[in-house]
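The values are calculated or read from the model by the stated rules, or taken from the named source; none is laboratory data. Please read these numbers as outputs of a predicted model, since none were measured by experiment. Glycine also receives a Cβ, built like all others from the backbone with ideal geometry; neighbour counts cover every protein chain displayed. The protein model used for the area step is the full one, side chains on, heavy atoms only, and it has no ligands, DNA or RNA in it. Shrake-Rupley method; radii C 1.70, N 1.55, O 1.52, S 1.80 Å.
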Amino acid sequence: MESFPKALLDGYRTFRTQRLPTEQTRYRELSVRGQSPEVMVIGCCDSRVSPEVIFDAGPGELFVVRNVANLVPVYAPDSGAHGVSAALEYAVSVLKVKHIVVLGHAQCGGIRAFIDRAAPLSPGDFIGKWMAMFIKPGEVVEQRAHETVQDFTVRIEKAAVFRSLENLGTFPFVTSRVERGELQLHGAYFGVAEGSLFVLDRVAKEFRSVREVQASE
Ligand SMILES: [Zn+2]
């Protein structure tokens, strides 16, 4: 008990005295009825990009999977154990979520390691193998002429969202629900410094500021 981080114990006390009293009824209801979130978020492990914080979500509202660089693998019903795919299957087939949001973000360490091909990114390491799923066989990801490193990084961070959405389309249980109009897929991108949110316009293939999106409605 002594080694348990004090910041967490303090945080729990604050939760218990301040937040829990306002949400106790909701927690009790959820424990009896079970969860029925309408939204699944696939985000990055990055400690600055918590979906519950960004979307101001309470208990039972978001079904969240976080991994390095918010990646969704290609559908592969083989003998391997696929954590993201298992969560996806549960969210779509059991919970029947209505929306899946792939949430990318600025200054992503996974993307940075991928771009820099930096340690610990090597074929034998976990991050290397994990990030390898981002590219298709034979695909080359390179900085364009006249493109700054920062622009290149942002382009690849956004490309990770596109690739994850594309890979979601390889799961039969996802596509069947999308085709029936029961499930919608979305992309978003969080700017850490400003706390800004950009939502993907899938037709135009562009991320638009949420302020811009709201203003146009
Ligand atoms: Zn990240």
*Post the alpha-carbon centroid distance, region 68-115 to region 1-34, in whole angstrom.*
27 Å
_Accessible heavy-atom area order of 146, 186, highest first, probe of 1.4 Å_ = 146, 186
_Over all directions, how big on average is the projection of the convex hull of the alpha-carbon atoms in region 30-184, in square nanometres?_
10.9 nm²
_I need the peptides 162-170, 48-56 ranked by packing, meaning the mean over residues of other C-beta atoms within 10 angstrom, with the highest value on top._
162-170, 48-56
*Given the protein chains as shown and a 1.4 Å probe, how many square angstrom of residue 201 are accessible, to the nearest 10?*
50 Å²
*Give me the lysines in straight-line cross-link reach of residue 158: C-alpha distance below 17 Å, same-chain residues under 8 apart excluded.*
136, 205
*Accessible solvent surface per residue of the chain, calculated while the other protein chains remain in place, 1.4 angstrom probe, Å²*: 60 Å²
*Could you rank the peptides 25-37, 61-73 by their average count of other C-beta atoms within 10 Å per residue, with the highest value first?*
61-73, 25-37
_With a 1.4 Å probe and all protein chains left in place, how much of the accessible area of region 38-196 comes from carbon and sulfur atoms, in whole percent?_
56 percent
*At 1.4 Å probe size, with no ligands or nucleic acids counted, give the accessible surface of residue 133 in Å², nearest ten.*
50 Å²
